[in-house]
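Engineer: My questions all concern the structure below.
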Amino acid sequence: MKQVVTAIVLLAMSSTLFSQQNASARSFTKEDYLRKSKGQRTAGIILVSTGATACFIGTIAAVSDAVQNTSKEISRGVGNALDPGSEPAVKHQHSGGGIIFLGGAVASVVGIALLSEAGKNKKRALSVSFKPEKAFQLQNYNLVSRSVPALSLTISL
């Protein structure tokens, strides 16, 4: 019985000694939220502008392909009608304008989501502040009330 108790105690001690600290227990400060908000805002602006540019370029490339392929079909169609022995029409070659457009649209949507989260983090930063709290401390065998800086988080529901 002593061996079982000793093993349990040693196991409990070793698990607390080598455990990681809980990351969610860390409280974020106002500066952390502001830094996070600034990074998200920068990334959001970059993604939205890049996505809009890619959408524009993809649209131009797709329209250009459509116009070129239509003109080739018309000229080949006339040639085939006049000379039935000529070779059939060649398959269309696309430059990937549609793929560029879709990639730009996805980048824009992700950028808008990042901008939204940046605004939320900025609001959180404004709601976090240090507020002096009264705490009793022992000084020369007497209890003394002193103000201690405390982190205050305001959550509006």
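Engineer: Work out, step by step, the length gained on full extension between ILE112 and GLU133: first 0.36 nm times the residue separation, then minus their alpha carbon distance; give nm to one decimal.
Structural biologist: Full extension of this stretch gives 3.6 nm more.
Engineer: FRET efficiency for LYS123 and ILE57, Cβ-Cβ distance as r, R0 = 30 Å, nearest 0.05?
Structural biologist: 0.25
Engineer: Under 17 Å from a label point 7 Å along Cα→Cβ of PHE28: give me every residue in the range 41-64 with its amide N that close.
Structural biologist: 41-44, by backbone N distance to the label point.
Engineer: Moving on to the next point. How far, in nm, would the chain grow between ARG146 and ILE8 when pulled straight, counting 0.36 nm per residue and subtracting the alpha carbon separation?
Structural biologist: So the extension gain works out to 45.4 nm.
Values quoted throughout were computed directly from the atomic coordinates according to the rules given, and no laboratory measurement underlies them. Keep in mind the model is a prediction, meaning the values are calculated, not measured. Methodologically, a virtual Cβ is constructed for each residue, glycine included, from the backbone with ideal geometry; neighbour enumeration extends over all protein chains shown.
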